[in-house]
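Please read the structure below before turning to the comments.
The values are calculated or read from the model by the stated rules, or taken from the named source; none is laboratory data. Everything numeric here is computed off the predicted structure, so don't read it as measured data. Cβ placement follows ideal geometry from the backbone for every residue including glycine, while neighbour counts extend to all protein chains displayed.
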Amino acid sequence: MASRPDRLTAPQKSARRPIAPTRRRTQAERTEATRTLILKAAANLIRRRGYARFRTADVAAEAGLSRGAQLHHFPTKDSLVVATLEYVFEQAQVLSRRRAAAVNRPRDLIEAVIEDAREFFFSEHFMVAIDIVLSTSTDDAVRKQILEISRKARRPVETAWTEALAASGVPAALAPDIVALTLSLVRGMALRTLWDNDPKWFDELFAVWRRMIKIFLEAQTPKARAR
């Protein structure tokens, strides 16, 4: 008896899915990526060397790009420094707003406001901004740009902390004043480091400020309830 021929099976599909072709970046995306590389490189150099020793000629090598690519995006030192500070301030703003949203108790918030402000105002980049603004070699147009960048970057941060304090129970009328005074204190201590840098003493002063705010808020609570 003849054996039945084996049934032909349909060819099995491969278990592997075809690899999708890599999407090519648009010209705008490539431009933005190059700008970011340059700005990060400039920020790193400023952080390591300070503004006085900052040389735009070193930025391209730090970024791994040609000098021509750098000059295409930032033809002058002023344009590069202004853009770098804007980039750094924007990054700091994002982090600050995340911190403000991450804590919800009044005591934690006061400490968080201080630490957030301290991280920003005690940074090399803030000192660079002060240096540029006060520098006699920088023209008025650049100074105005730096000041406007600072305002745009810090106002949303102040608003975020103010809203966080109010949401945690601090009277809405007092929250903006507490934030403004706290930031002013930290900023003042940061500038003092130019001639007297004593981190331990700063820690003690900030601790005193936290206690003062706590006492002040406790004194205000009965008045607010009485109304």
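Every listed requirement among (1) of a type outside the set (A, V, I, L, M, F, W, C); (2) under 17 Å from residue 190 (Cα atoms); (3) in the same structural domain as residue 204 (by TED's automatic domain parsing); (4) surrounded by fewer than 18 Cβ atoms within 10 Å (Cβ to Cβ) is met by residue 47 save one, (3). Go through the residues of segment 127-146 one by one and say whether even a single one is surrounded by 12 or more Cβ atoms within 10 Å (Cβ to Cβ), more than 24 Å from residue 47 (Cα to Cα), out of contact with any Phe, Trp or Tyr (no Cβ under 9 Å at 6 or more places or on another chain) and not polar (S, T, N, Q). No, segment 127-146 has no match at all. Exactly one residue among 2, 52, 41 is within 21 Å of residue 149 (Cβ to Cβ) and either surrounded by fewer than 17 Cβ atoms within 10 Å (Cβ to Cβ) or modelled with pLDDT under 85 (or both), and that residue is 52.
Going by what's in this entry, would residue 187 be described as among the charged types (D, E, K, R), surrounded by 14 or more Cβ atoms within 10 Å (Cβ to Cβ) and at negative phi? So residue 187 fits the description; yes. Against the test of being surrounded by fewer than 19 Cβ atoms within 10 Å (Cβ to Cβ), part of a helix (DSSP H, G or I) and either free of Cβ contacts under 8 Å to residues at least 40 places away in the same chain or not hydroxyl-bearing (Ser, Thr, Tyr) (or both), the options 79, 150 yield a single qualifying residue, 79.
Return the residues of segment 160-184 that are surrounded by 14 or more Cβ atoms within 10 Å (Cβ to Cβ), closer than 14 Å to residue 113 by Cα and not aliphatic (A, V, I, L, M); say none if nothing qualifies. 161, 162, 163, 168, 176, 182, listed by residue number.
Rundown of residues vs (1) of a type in the set (Ser, Thr, Tyr); (2) modelled with pLDDT of 90 or more, yes/no style:
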| position | (1), (2) |
| --- | --- |
| 153 | no, no |
| 168 | yes, no |
| 200 | no, yes |
| 216 | no, yes |
| 223 | no, no |
